[in-house]
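Q: Take a look at this one; I'll ask things after.
The values are calculated or read from the model by the stated rules, or taken from the named source; none is laboratory data. Quantities reported herein were computed from a predicted structural model and do not represent experimental measurements. Every residue, glycine among them, receives a Cβ derived from its backbone with ideal geometry; neighbour counts consider all protein chains shown.
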């Protein structure tokens, strides 16, 4: 059985998915393999911490901010330095 992802891993995956031009919520849900309830909770955290920005238009896009890109790089570095995870 596959282990559950930690919240920081999910946040990292969302930040990664939203780099560049941004992404709509539906594509984030499918790319990160979440449901809409769960993605909304994580998007709220990222928006509140200014790691993502919402871009209004015909479709609402979520885009990783410069601060979000810096946090993503730090998260990747932590994963690289600590690759082993102990399951509970």
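Q: If I filter segment 25-44 for residues that are at pLDDT 95 or above and in a strand (DSSP E or B), do I get at least one hit?
A: no
Q: Taking the residues in segment 65-88 that are in contact with a strand residue (DSSP E or B) (Cβ under 8 Å, 6 or more places away or on another chain) and part of a helix (DSSP H, G or I) as candidates, determine which candidate is surrounded by the fewest Cβ atoms within 10 Å (Cβ to Cβ). Write out each step before concluding.
A: Initially, segment 65-88 is screened for residues in contact with a strand residue (DSSP E or B) (Cβ under 8 Å, 6 or more places away or on another chain), giving 65, 68, 72.
Next cut, part of a helix (DSSP H, G or I) only: 68, 72.
Working: 68: 24, 72: 20.
Within segment 65-88, the match that is surrounded by the fewest Cβ atoms within 10 Å (Cβ to Cβ) is 72.
Q: I'd like the full set of residues that are surrounded by 12 or more Cβ atoms within 10 Å (Cβ to Cβ) and in contact (Cβ under 8 Å) with a residue 12 or more places away in the chain, limited to segment 17-37.
A: Those that are surrounded by 12 or more Cβ atoms within 10 Å (Cβ to Cβ) and in contact (Cβ under 8 Å) with a residue 12 or more places away in the chain: 17, 18, 19, 22, 23, 24, 25, 28, 31, 32, 34.
Q: Considering only segment 50-88, state which residues are closer than 11 Å to residue 15 by Cβ and touching a helix residue (DSSP H, G or I) at 6+ places or on another chain (Cβ under 8 Å).
A: 51, 52, 62, 64, 68, 69, 71, 72, 75, 76
Q: Which one of these is touching a strand residue (DSSP E or B) at 6+ places or on another chain (Cβ under 8 Å) and surrounded by 17 or more Cβ atoms within 10 Å (Cβ to Cβ): 10, 14, 55? Please lay out each step first, then the result.
A: Working: 10 fails: touching a strand residue (DSSP E or B) at 6+ places or on another chain (Cβ under 8 Å); 55 fails: surrounded by 17 or more Cβ atoms within 10 Å (Cβ to Cβ).
When all the criteria are applied, what remains is 14.
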